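Read-outs: derived from the displayed coordinates by stated rules, not from any lab. Keep in mind it's a predicted model, so treat the numbers as computed, not measured. Cβ coordinates were reconstructed from backbone atoms using ideal geometry, including for glycine residues, and neighbour counts include every protein chain displayed.
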Amino acid sequence: MSIQKGDFIKVSYTGKTADDGHVFDTTDEDVAKANKIYNEKGKYGGDVVIVGAGHTVAGLDEDLIGKDVGYKGSVTIPPEKAFGHRNPELIESIQITKFKERPKVGMMVEIDGRPCMVIRVIGRMAQVDFNRFLAGQTVAYDYEIKEKIEDIEGKVKGLLSLYIGKDFSIQINNETATVEIEPELTYNQRWLMSKRQIAREIINNTDIKEILYVERYNKDALEPKNTGE
């Protein structure tokens with residue numbers, strides 16, 4: 001049966017700019033290393049996504065529909081269905097005193113809580129771009145639909161891994177999913193920002209009606225960490 005909106009699938013992909021083939025994202029560890037974008041804390045091998053839920057750029061999300069498991073192909077995506085068009089009003093000049101260190105062209109920084117890239121430095125001023133990364137560019141994705149996830153546990157684990165990049169211990173009991181949380185994760189900003197969204201997507205797209213996040217502490221977890229300082 002072909003892939004439809006709402007299906008949970010595992011997909012591997014490599015994203016690159018259409019004009020020069022620059023690889024900016026991939027689920028393939030070897031490709032990441034070859035293109036110097038490897039993240040040792042990242043997970044490779046493919047992502048579990050809900051088709052049509054916005055877990056990928058719109059153009060790729062739409063291209064998945066109607067394909068079969070095992071499909072391999074490519075899609076070229078215009079800016080409006082990728083990372084959006086560039087807005088010249090999002091390019092601003094900032095005094096270099098606002099930076100923690102002297103700005104350099106290409107440096108990624110945060111100004112008043114907003115991420116941006118330094119695109120020009122002249123004297124005491126720096127020009128920064130608040131547009132999304134790759135805004136205004138046509139991109140291409142090579143992708144493979146590796147499997148369709150049917151079981152509830154696989155769906156829950158897949159979404160947790162997509163958002164947090166970690167494996168979790170979970171238990172399914174009737175319509176309740178219990179997710180065991182490592183104590184240190186309670187200080188993780190990514191987790192704090194995502195846990196409600198993860199619960200919402202699980203409940204809205206599966207038969208699960210309740211999510212329990214459980215923190216488990218033992219002697220090892222409560223021991224002070226040796227920072228080496």
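Amide H contacts of Lys146 (H built 1.01 Å from N, in plane; Pro and chain starts excluded): Lys10, Val11, Ser12, Gly70 sit under 5 Å, all sequence-distant by 5 or more or on other chains. Evaluated over region 151-229, the count of Lys pairs having alpha-carbon atoms less than 20 Å apart is 8 (only pairs 8 or more residues apart or interchain). For the pair Asn173 and Ala53, label points projected 7 Å from Cα toward Cβ lie 2.4 nm apart. Taking chymotrypsin sites (Phe, Trp or Tyr not before Pro) across region 104-183, the ones in a DSSP loop with at most 14 further Cβ atoms lying within 10 angstrom of their Cβ are Phe133.
Charges only on Cβ, +1 for Lys and Arg, -1 for Asp and Glu: so what's the dipole of region 88-129 about the Cα centre, in debye to the nearest 20? List each step's numbers first, then the result.
On the way: 7 positive and 6 negative charges, 53 e Å.
That gives region 88-129 a dipole magnitude of about 260 debye.
Straight-distance candidates among the aspartates and glutamates for linking to Lys148, with alpha-carbon spacing under 18 Å and chain neighbours fewer than 8 residues away dropped: Asp7, Asp47, Asp61, Glu62, Asp63, Asp68, Glu201, Asp207. Over the chain, the ratio between the Cα radius of gyration and 2.2 N^0.38 Å evaluates to 1.19. Evaluated over region 4-120, the count of Lys pairs having alpha-carbon atoms less than 23 Å apart is 23 (only pairs 8 or more residues apart or interchain). Using a simple spin-label model with pseudo-atoms 7 Å out from Cα toward Cβ, Tyr187 and Asp151 lie 3.5 nm apart.
Taking each pair of distinct Cα atoms in region 177-219 once, what is the resulting Kirkwood hydrodynamic radius in Å? Intermediate values should be presented prior to the final figure.
On the way: mean 1/r = 0.0887 Å⁻¹.
Value: 11.3 Å, from the Cα pair sum.
Taking the Cβ-Cβ separation of Arg124 and Arg86 as r and a Förster radius of 30 Å, what is the calculated FRET efficiency to the nearest 0.05? That pair, Arg124 with Arg86, gives E of 0.70. Using C-alpha pairs below 8 Å separated by at least 6 residues, the relative contact order for region 128-229 is 24 percent. Computed 3J(HN,Hα) for region 142-152, one whole-Hz value per residue from the Karplus formula 6.51 cos²θ - 1.76 cosθ + 1.60 where θ = phi - 60°, is 9, 8, 9, 8, 7, 6, 9, 8, 9, 7, 4, glycine and proline marked x.
Given R₀ = 35 Å, FRET efficiency for Lys41-Asp207 by Cβ-Cβ distance, to 0.05? Display every interim value, and only then the final one.
Values: r = 32 Å, r/R0 = 0.93.
Here the calculated transfer efficiency is 0.60.
The 3J(HN,Hα) values that the Karplus relation (6.51, -1.76, 1.60; θ = phi - 60°) gives for region 117-125 are, in residue order, 10, 6, 10, 6, 10, 9, x, 8, 10 Hz. Gly and Pro appear as x. Mean residue ellipticity, 222 nm, helices only, the chain: the sum of -39500 (n - 2.57) across DSSP H runs of n ≥ 4, divided by residue count and rounded to 500, is -6000 deg cm²/dmol. Taking amide hydrogens as placed 1.01 Å from N in the peptide plane, the amide H of Val139 sits under 5 Å from those of Ala18, Ile77, each at least 5 positions away in sequence or on another chain.
GNM remark for the chain: springs join alpha carbons under 10 Å apart, and the peak mean-square fluctuation among Asn131, Asn173, Asn35 falls on Asn173.
If Rh is defined by the Kirkwood formula over all Cα pairs and Rg also comes from Cα, what ratio Rg/Rh do you get for region 151-229? Mind dumping the intermediate values first?
Values: Rg = 13.9 Å, Rh = 13.5 Å.
Rounded to two decimals, Rg/Rh equals 1.03.
Cα-based radius of gyration for region 35-137, normalised by 2.2 N^0.38 Å, reads 1.41. With a Förster radius of 41 Å applied to the beta-carbon distance between Ser93 and Asp19, the computed FRET efficiency rounds to 0.90.
For Val121, the residues whose modelled amide H falls within less than 5 Å of its own, excluding neighbours fewer than 5 places apart on the same chain, are Gln127.
Largest GNM mean-square fluctuation among Ile94, Ile203, Ile122, using the chain with Cα springs under 10 Å: Ile122. The chymotrypsin sites (Phe, Trp or Tyr not before Pro) of region 1-90 that DSSP puts in a loop, and whose beta carbon has at most 16 other beta carbons within 10 Å, are Tyr38, Tyr44, Tyr71. With an 8 Å cut-off on Cα pairs and a minimum separation of 6 or more residues, tell me the relative contact order of the chain in percent. Relative CO of the chain lands at 21 percent.
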